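Working notes, structure below.
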Amino acid sequence: CTAARERQIVFSADDVCAFRTVYDNIVREGERANPVASGRVKQSTTVNLLRRFRQYGDAVLRFIGNFTVPFTNNTAERAVRMPKVKQKVSGCFRTLDGAEYFCVIRSCLDTLRKQGHNMLAVLQQAFAGTPIQSAA
C-alpha cells in the first residue's frame, strides 16, 4: 500500500477482493492449525486472535481500499502511552490541573517531534525562556 500510495495507484474492487481472499485463506489455515477447544474451556491466545482476525477482517484490511487509513494505529497508541505509564508509575495524578499540564506538555513535545525538532534542543530552549512554537 505504501508503494501504491507513492505511485498514486488506486486498487480496484477486484484487487481489494483478491487481497481479502488471500487474507481469508491465511486465517483459515491458522484456524486449521489451531482448532477451537470443545466445551466451555479457555481458548488459547492464538485461537482468540484468529477469531478476532475473522470477525474484524474488514477493519484489518481497510487500509488497502482507503489510503487515508494508516496501516497501523501505533501513532495514536504512542500518544496515549506516556500518560498511562505516568499514571501507572505514580498511581495517579495528584490534581486535575497536574494531569492537564502533563497532557499539554506531552502534546506539544509530541507535535514538535513529529515536525522533526530535536527534543533536547526543544527542552533547552523552553527552559531558557524561548520555547519553539509549533507550526500547527
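The values are calculated or read from the model by the stated rules, or taken from the named source; none is laboratory data. Source: prediction; values computed, not measured. As a convention, Cβ positions derive from the backbone with ideal geometry for all residues, glycine included, and neighbour counts pool all protein chains shown. Just so you know, the surface numbers come from the protein's heavy atoms only, side chains and all, with ligands and any DNA or RNA stripped out. Shrake-Rupley method; radii C 1.70, N 1.55, O 1.52, S 1.80 Å.
Any chance you could give the angle, 0 to 90 degrees and rounded to 10, that helix 96-114 forms with the longest Cα principal axis of the chain?
70 degrees
In degrees, nearest 10, range 0 to 90: what is the angle between the Cα axis of helix 13-33 and the longest Cα principal axis of the chain?
Its long axis makes an angle of about 80 degrees.
Pick from ALA59, ALA126, ALA13: which residue has the top mean-square fluctuation in a GNM of the chain where Cα pairs under 10 Å get a spring?
Between ALA59, ALA126, ALA13, it is ALA126 that shows the largest mean-square fluctuation.
State the answer as a single residue: which of VAL27, GLY57, VAL85 lies farthest towards the positive end of the charge dipole of the chain, with beta carbon charges of +1 for Lys and Arg and -1 for Asp and Glu, about the Cα centre.
After comparing all options, I get VAL85.
With the dipole of the chain worked out from charges on the C-beta (+1 for Lys and Arg, -1 for Asp and Glu) around the Cα centre, which of ILE105, GLN124, VAL47 lies farthest toward the positive end?
VAL47
What's the FRET efficiency of PHE53 with LEU96 using the Cβ-Cβ distance as r and R₀ = 41 Å, to the nearest 0.05?
After rounding to 0.05, the efficiency reads 0.55.
For a Förster distance of 22 Å, can you work out the FRET efficiency between the beta-carbons of VAL36 and VAL60, rounded to the nearest 0.05?
E between VAL36 and VAL60, to the nearest 0.05, is 0.65.
Find the all-direction average of the projected area of the Cα convex hull for segment 4-69, expressing the result in square nanometres with one decimal place.
5.3 nm²
How far apart, in nm, are two points set 7 Å out from the Cα along the Cα-to-Cβ line at GLN8 and at ILE26?
2.9 nm
So how strong a dipole does the chain carry about its Cα centre when Lys and Arg Cβ are +1 and Asp and Glu Cβ are -1, to the nearest 20 debye?
Dipole size: approximately 540 debye.
Got a number for carbon plus sulfur as a percent of the chain's accessible area, 1.4 Å probe?
58 percent
Taking every Cα atom in the chain, find the radius of gyration and the maximum pairwise distance Dmax, and write them in Å.
22.1, 65
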